[in-house]
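To keep things clear, I will list the structure first and then write my remarks on it.
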Number of protein chains: 4
Amino acid sequence: MEIGFIGLGKMGMNMVTRLRQDNHQIVVFDRSPEAIKQAEGTGAIGASSLQDLVSKLAKPCAVWVMVPSGAPTEETIQSLAGILQPDDVIIDGGNTKFHDDVRRAGELKPKQIHYIDAGTSGGIWGLQIGYCLMVGGDKAVVNRLDPIFTTLAPKDGWLHVGAHGAGHYVKMVHNGIEYSMMQGYAEGFELMSKSDYKLDLGNIADLWMHGSVVRSWLLELAAGALKEDPKLTGLKGYVQDSGEGRWMLMDALDKDVPVPTLSTALFTRFRSRQEESFAEKMLAALRNAFGGHSVKR
Amino acid sequence: MEIGFIGLGKMGMNMVTRLRQDNHQIVVFDRSPEAIKQAEGTGAIGASSLQDLVSKLAKPCAVWVMVPSGAPTEETIQSLAGILQPDDVIIDGGNTKFHDDVRRAGELKPKQIHYIDAGTSGGIWGLQIGYCLMVGGDKAVVNRLDPIFTTLAPKDGWLHVGAHGAGHYVKMVHNGIEYSMMQGYAEGFELMSKSDYKLDLGNIADLWMHGSVVRSWLLELAAGALKEDPKLTGLKGYVQDSGEGRWMLMDALDKDVPVPTLSTALFTRFRSRQEESFAEKMLAALRNAFGGHSVKR
Amino acid sequence: MEIGFIGLGKMGMNMVTRLRQDNHQIVVFDRSPEAIKQAEGTGAIGASSLQDLVSKLAKPCAVWVMVPSGAPTEETIQSLAGILQPDDVIIDGGNTKFHDDVRRAGELKPKQIHYIDAGTSGGIWGLQIGYCLMVGGDKAVVNRLDPIFTTLAPKDGWLHVGAHGAGHYVKMVHNGIEYSMMQGYAEGFELMSKSDYKLDLGNIADLWMHGSVVRSWLLELAAGALKEDPKLTGLKGYVQDSGEGRWMLMDALDKDVPVPTLSTALFTRFRSRQEESFAEKMLAALRNAFGGHSVKR
Amino acid sequence: MEIGFIGLGKMGMNMVTRLRQDNHQIVVFDRSPEAIKQAEGTGAIGASSLQDLVSKLAKPCAVWVMVPSGAPTEETIQSLAGILQPDDVIIDGGNTKFHDDVRRAGELKPKQIHYIDAGTSGGIWGLQIGYCLMVGGDKAVVNRLDPIFTTLAPKDGWLHVGAHGAGHYVKMVHNGIEYSMMQGYAEGFELMSKSDYKLDLGNIADLWMHGSVVRSWLLELAAGALKEDPKLTGLKGYVQDSGEGRWMLMDALDKDVPVPTLSTALFTRFRSRQEESFAEKMLAALRNAFGGHSVKR
């Protein structure tokens, strides 16, 4: 089918490529003319503005927004809201807080513009494998987009999970689980890296992929990374987080649900980004104060 | 090849069955005559005692011990030590603390009896899929057992990971990671179970198996369990632990390695087994003492 | 000096009593006529409405709001905003989120009504010992209230800690620390309660009050509670939280600060209020799925 | 009364001084002749060896061992076991694992030498304030030492808590609680250090000492440290641990008791001593692997 696509970053470009490989008609826009040119190489039709993009689509149209979360997504959707017509659809494929989906769907409703939130997982591997899509919004509108979702996802890899925001909600929880899993592996591999057994971590990760209880896609990636650089000497342990973990933690506070491994995983990331920890200095200061324990100055 | 096999519980019986399917010659012993009879149904040869089992194997022989960890394993190995001859091999396939492997290998060395520790993962699915085997001990002895390991494991599913104890060490870390992963999923699914979106947890688990970052074998099992009983109403949240998690935590203390998600996962299991928590009563008592907050009596 | 006082609950009544003991002139209002009558017994002057209360105070007046946090406080302050005159002062002594203080101070500014936030610690013991007061707002206005703060607090027990909201911010962190300390004690006493040494927990708590590193007021309260009911058999381990812990956790997320003991303490409280834990059922379900481990049904 | 005292380090010297201030007769030994000379300045009698020390004490005698925990304490007690006579007493005042107390008491029993374990809290402030003493062993022997304990401790500051090892057991739990409390304060002060309110942390710590729920001796020390160096710029956040926290965690594993804040506090210390964290590198590697997220190299 035909769809507009805004945002040709790492994720967006791959998604357009995958859609083009399945012969969908894609009209693309990005702030970067080079990115548009690159997308045109896949057979997509470039647009010079949001207005231009919408004008090139048959009515009612659908526009997939794949720009950085937060302000860029918000502004793009606000702009589209002023251009689109009743029965058109906006799909937000980025990492949006589900509360914003609910709000936006409400704001667009009086204009009869449909809103769909599509939590998208798969990272840079999605081009090849397909993207797991968690879709929220009205069922009829979701169904209309079936060909697009079916192309983007691997077999059985997309699902209408619920009303507006449900897609990003499920994606948020997905990412929180991802944090805990990563932290679990990280602890295990750190411990093994300290063992006197001189364990070959890459081979062990690989081994576990064959029949063990902990086999997973993340473990497969771990095997690859550890084989390439067994002591990870080439990396700094500086770990970003893209927001979903915090949102999940806040949602857990809203619902009185204990999420101790999620919080632990998140705090490990915070700590990884601190050059020095005031809390740890405070501990040293206290030990010194009551015990005269020597401290490093 | 030919091997003796002691212990025909859930795991042991399946392993014998898998070995028999590949036409290995197996002599089996178990405390339960019924279990022996069942194993004979697969073509294994029953023995009436450890002595009898050893006498039915050509020299030098190999005996796989697959009895409950702790005292039963220790006693079986002590008994075998009195029966076996130089160049024979004992394989401990259970959940033994790696320190015990090191000790046993040392005790058996003067008798020239070889000792191999084989950490075994795969649970009840191993019969069909194969068992992931993490093997510790002398390389030459490990090589001698190659046909057995190759049959028991799926393709690329066994590895000689290091010296005596290394197999169980790697298995211990494997299980600790398993705890963290399970806890991560459990937190995520609990949160979703409380959502107003009325999410279909089984379908979501299933969805995530297709292209998402958190896909794993545990998630596949989660999907199965949640489809069968979406609210898990049929279960009590009483969670056992078989020891490896504690050992990993103790090893982390030995090596000054932070393992906060492991400890969190372990403590969740401890808490799950408490009818009531003294600590939580203490918190209630303190709140009452300073704030006059009402408490439940 | 003269002050209006709204809210004669457990905390409010004690504060009015303490102010009256120091001969301040207090005009009081509460939804409950009985509470007003009781306060009149301390020499306070009862009012029949907010309007009446304000009319009984000389200009410019000060009104201390001590009603439940959230909607009741918000509504009371909104009502006062419509009654008070320029240069009057509202003091919020409850447990308000500091963002609300900042907002309210901004809303009241055009009306030239002053706003002071006073974080108040001390619980039911404040009547006798005095309340620790953490005060936020304009310095000049804070100074005007010096006689009130000085009476309510013990010696050196009040401080102007910063601009609007700072008082409740510091109180929020205070309460978060309180959670961690309580949890630390609770874990220690639970462990001792399980010891074969048959330890006398009340006596040990008492002992530690004399020269040990862990002596504190909370420990003193613990000693009292444990002497009264050594096994805490009379209590249910059902632990409420009044919000500050969550707010502190959210603030830590805003600032990328790891607060792992706070989150742990908070989640323990969440868990204490669950009849059964979906997460723990999920763990049991997974163990059953991969290992055929028996589960309780 | 008369007592022998071995070990004149920071703690030991202060204890001898305090005992001398109360006119006890003390015979002292230390590896360092200078330390012995210093102790003689308080009126203690120096000894040239353990043998010499014992020979200078009337029978039956008591000897307090206050040397570093682990091997030094063990060796000293083994040596004393060869020198002392039936009915003599050894008191271990150091940080010994309670299992070692139980073992030692058993080893000394055939020789009729008594063994007392005295967990000692108070740090460098004990000289002035007195030491909180948690005493384990036989009641009759403990009673014999009453004058010594009474001098060392502040009023009501020592207690016979149970059988052999109970003193060190209670001290172990005491120290574990200390870790959690310190961590709780450290998190709170770190958060406040990041606040836009530019809070004066030393003054706030001081304020909280007057009537707040979180007042404690540790907080008093915190106030002192933060007033001296408000941003703790002079310190490195490198935090040692002396063993009791680990032992408490291991004991909690033995008893299936959740101790999540203790473990968190302990792991924070481990992390504080890592130049870089393998686990955090692993997280960065995984994020890079699935998301192409930029990593620091």
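The values are calculated or read from the model by the stated rules, or taken from the named source; none is laboratory data. Note that the coordinates shown come from a computational prediction; the quantities given were computed from them, not determined experimentally. Because the Cβ atoms are built from the backbone with ideal geometry, glycine has one as well, and the counts that use them run over all protein chains shown. Ligands, DNA and RNA are excluded from the accessible area calculation, which covers all protein heavy atoms including side chains. Shrake-Rupley method; radii C 1.70, N 1.55, O 1.52, S 1.80 Å.
The table below lists the values:
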item	result
Low-density loop positions, trypsin sites (Lys or Arg not before Pro), the stretch D:103-190 - DSSP coil, at most 14 other Cβ in 10 Å	D:Lys155
Lysines whose Cα lies under 22 Å from that of B:Lys111, excluding same-chain neighbours fewer than 8 positions away	B:Lys56, B:Lys59, B:Lys139
Accessible surface buried upon A-B contact (total; probe 1.4 Å; Å², nearest 100)	5400
Built amide H within the under 5 Å cut-off of C:Val27, gap 5+	C:Ile3, C:Gly4, C:Phe5, C:Ile45
Percentage relative contact order, the stretch B:1-106, counting C-alpha pairs under 8 Å, at least six apart	27
Under the Karplus curve 6.51 cos²θ - 1.76 cosθ + 1.60, θ = phi - 60°, whole-Hz ³J(HN,Hα) for the stretch D:112-119, x wherever Gly or Pro sits	6, 8, 7, 10, 10, 9, 10, x
Length released on extending from B:Asp156 to B:Asn203, taking residue separation times 0.36 nm less the Cα-Cα span	13.8 nm
Whole-number percent relative contact order across the stretch D:24-77, with pairs defined as alpha carbons under 8 Å at least 6 apart	27
Across the identical copies, how the C:Lys231 labels are spaced - nm, sorted shortest first, 7 Å along Cα→Cβ	3.5, 5.6, 5.6
Taking chain D and dividing mean pair separation by its residue count, relative contact order in percent (alpha carbons under 8 Å, at least six apart)	12
Residue of chain C whose Cβ sits closest to the axis mapping C onto D, with distance in whole Å	C:Ser216, 2
Lysine pairs with alpha-carbon atoms under 27 Å apart, the stretch B:171-275, spacing 8 or more or separate chains	8
In Hz, Karplus ³J(HN,Hα) per residue of the stretch C:276-292 (6.51, -1.76, 1.60; θ = phi - 60°; x = Gly, Pro)	9, 10, 4, 4, 6, 4, 4, 4, 4, 5, 5, 4, 5, 5, 8, x, x
Chain C - share of DSSP beta bridges that are antiparallel (%, nearest 5)	20
Among A:Asp206, A:Asp117, A:Asp52, residue whose mean-square fluctuation peaks in a GNM of chain A (springs only between Cα atoms under 10 Å)	A:Asp206
Selected from A:Ile124, A:Ile116, A:Ile77 as most flexible by GNM, with chain A as the system and alpha-carbon contacts under 10 Å	A:Ile124
Gain upon complete extension [B:Asp52, B:Ser79; 0.36 nm per residue less C-alpha separation]	8.5 nm
D:Ser242 versus A:Lys10: modelled label distance in nm, points set 7 Å from Cα along the beta carbon direction	4.8
Shielding of C:197-204 by partner chains, average beta-carbon count, 10 Å	5
Per-copy distances of the B:Gly43 label point, shortest first, in nm (7 angstrom along Cα→Cβ)	5.4, 9.2, 10.1
Shielding by partners - mean other protein chain Cβ count within 10 Å, residues of C:168-179	6
Cut-off under 5 Å, modelled amide H: who pairs with A:Val213 long-range	B:Gly122
Sorted largest first, extent of the protein assembly as shown alpha carbons per principal axis (Å)	89, 86, 51
Number of partner chain Cβ atoms within 10 Å, mean per residue of C:109-121	1
Using a 7 Å Cα-to-Cβ projection, A:Asn23 label spacings across copies, nm, ascending	5.0, 9.7, 10.9
D:Lys109-C:Lys231 pseudo-label distance in nm [points 7 Å out on the Cα-to-Cβ vector]	2.8
Fraction of accessible area attributable to carbon and sulfur, the protein assembly as shown (%, probe 1.4 Å)	51
Summed residue charge, Cβ within 15 Å of C:Arg215's Cβ, Lys/Arg positive, Asp/Glu negative	-2
Max mean-square fluctuation residue, GNM over chain A, Cα-Cα springs under 10 Å, options A:Ala223, A:Ala39, A:Ala284	A:Ala284
Whole-Hz couplings from phi, Karplus 6.51/-1.76/1.60, listed for the stretch C:139-154; x for Gly and Pro	4, 4, 5, 4, 4, 4, 8, 3, x, 5, 4, 5, 6, 5, 8, x
Percent antiparallel among DSSP beta bridges (both partners in the protein assembly as shown, rounded to 5)	20
Cα-projected label distance for A:His293 with A:Glu40, points at 7 Å along beta-carbon direction, nm	6.6
Exposed-loop-free span, longest in chain C, where GluC sites (Glu not before Pro) count as exposed if DSSP calls them loop and at most 15 other C-beta atoms lie within 10 Å	C:1-274
Mean ellipticity per residue at 222 nm, deg cm²/dmol - from DSSP H runs of n ≥ 4 across chain B, formula -39500 (n - 2.57)	-15500 deg cm²/dmol
Within the stretch B:1-59, trypsin sites (Lys or Arg not before Pro) in DSSP loop having at most 14 other beta-carbon neighbours inside 10 Å	B:Arg31
